[in-house]
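I have placed the structure first, in the form of structure tokens, so that the comments after it can refer back to it.
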Amino acid sequence: MERKELTEKERLEALDNAIAIIRRNLPDYTYKCQQANTDGGIYEAIDNIEWTTGFWPGELWLAYLNTNDEIFAHVAGIFVEDFKKRIETKTAVEHHDMGFLYTPSCVSAWMIKQDCHAREAAIKAADQLISRFQEKGQFLQAWGVLGAKDNYRYIIDCLLNLPLLYWASSETGDPKYREIALKHTRTCISNSFRKDYSSFHTFFMDPETGEPVRGETCQGYKADSSWARGQAWGVYGLALAYRHTGNRDYLDLFEPVSKYFLDKLPEDMIPYWDLIFTSGDEPRDSSSASIVACGFLEAASSFEKLGEYDKAVKYRKLAKQLLKAVYDTCMVKKEEEGINGLVKHGTYSKKSPYNTCTPAGVDECVSWGDYYWMEALTRLGGWKSWW
């Protein structure tokens, strides 16, 4: 059966829905951030302390690009100052997620409005990120006390933090950021993908020798399964790695990693929270579909520039099919009551007998799911990436 693709009319309708909800949310989230996930359909308003708080300002900048309405840029600018303060005071930044925080909130503001405070904050965030680089093992430590044996590891998500480093080298002319990004990418690609092209969520290295130790999971079902969002970060991260390096190996690896994700999808194309599940009543994770769609559109652009038009057409079509699935089954419509997110059926953390995660945001809206939905819709209309 041929799967339907998102039409241009549907894309514009989806953006209209998203922007209407964002506009309605402005009074609640002008001086406060959104929690990582909704609770009963509503995002709690929180201080700027989570790793996910960059996504809401990212949505504001995307809303601005799609409307030219200065109200969105004005509120996003308020967050620039908040994020500048956060990095200057080192508030809750002892982890690797500086890219998720500062790329959609501040790199975007610099690219769109030439906001010098945004540029300054993003460069300081890049400095904070490279402070977590471990020479032994050549990776950016994800969490925990630096060098601690029980946390001497990275996670696949970090591929989306690396564009901040490429940007920082380009902005400052200092190659140190780029060099660390390249080293981390090599380590990740050497260890995080299994022979069948599924992925480990997290990978431990030996703090004394720097040698690889073992792959495990924190948020997936178990160590030898493939967490859906982790596989999605791998897909998008590899596409971005190719754009920033020109290393064809990354684009070649992107294809089987993508195929593994696609092969595990149920008929409606909305992935389960872990790809070990392909049917049944387990929760879905719609955010993974939107992340992968962004990766497919990124890769399609690269294939087009390489003159490989059949692959460009293939991945653009697949992206539209994934987005159509989200549109049909997960998109929040502007007239819906009791929900203030953009995309339903996301999963932040699902507890299993084998993982170590704290359960949160199961079958809810999640902030990155909302953001990447908007990014994918905007990409389809033409967009200069800030990743």
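In the chain, which longest range has no GluC sites (Glu not before Pro) that are both DSSP loop (not H, G, I, E or B) and surrounded by at most 11 other Cβ atoms within 10 Å?
Numbers: sites that count: 2, 135, 208, 267, 335, 337.
Longest stretch, sites excluded: 3-134.
Here the chain has 49 percent of its accessible surface on carbon and sulfur atoms, given a 1.4 Å probe and all protein chains in place. Structure note, pairs 264/311; 85/384; 259/351; 32/351; 113/384: Cα-Cα distances above 19 angstrom occur for 264/311; 85/384; 259/351; 32/351.
For the chain, what does the accessible surface come to per residue with a 1.4 Å probe? Please give it in Å². Let's see the in-between values first.
Numbers: 14860 Å² over 387 residues.
Computed with neighbouring chains in place, this is 38 Å² per residue.
Divide the volume of the convex hull around the Cα atoms of the range 265-348 by the residue count and you get 111 Å³ per residue. Rounded, prolate or oblate: which fits the chain, taking a ≥ b ≥ c as square roots of the Cα gyration tensor eigenvalues, rounded meaning a/c under 1.5, else prolate when a/b beats b/c? Rounded. With a Förster radius of 56 Å applied to the C-beta separation of residue 149 and residue 69, the computed FRET efficiency comes to 0.65. Here the range 1-155 is treated as a Stokes sphere of Kirkwood radius computed over C-alpha pairs; at 20 °C and 1.002 mPa s its diffusion coefficient rounds to 126 µm²/s. Name the residues of the range 259-277 whose amide N is less than 20 Å from a point 7 angstrom out from the Cα of residue 196 along the C-beta direction? Taking a point 7 Å out along Cα→Cβ of residue 196, the residues of the range 259-277 whose backbone N falls under 20 Å are 259-267, 269-277.
Given their separation in residues at 0.36 nm each and the Cα-Cα distance between them, residue 2 and residue 310 gain 109.1 nm when the chain is fully extended.
Trypsin sites (Lys or Arg not before Pro), restricted to the range 69-165: which are DSSP loop and have at most 12 other Cβ atoms within 10 Å? Present the calculation step by step, with values, prior to reporting the outcome.
Working: sites: 84, 85, 86, 90, 113, 119, 124, 132, 136, 149, 153; in loops: 90, 132, 136.
Qualifying residues, ordered by number: 90.
Straight-line reach from residue 136: taking Cα to Cα under 18 Å and skipping same-chain neighbours fewer than 8 places apart, the aspartates and glutamates in range are 150, 179, 206, 208, 211. With the whole protein complex present, residue 203 retains an accessible surface near 20 Å², based on a 1.4 Å probe.
Just to be sure I understand: if I project the alpha-carbon convex hull of the range 174-245 onto a plane and average over all orientations, what area do I get in nm²? Please report the intermediate quantities before stating the final value.
Working: hull surface 22.5 nm².
Here the figure is 5.6 nm², rounded to one decimal.
The values are calculated or read from the model by the stated rules, or taken from the named source; none is laboratory data. Predicted model, so just to flag it, every value in this text is computed and none were measured. Cβ coordinates were reconstructed from backbone atoms using ideal geometry, including for glycine residues, and neighbour counts include every protein chain displayed. All accessible areas refer to the heavy atoms of the entire protein, side chains included, with ligands and DNA or RNA removed. Shrake-Rupley method; radii C 1.70, N 1.55, O 1.52, S 1.80 Å.
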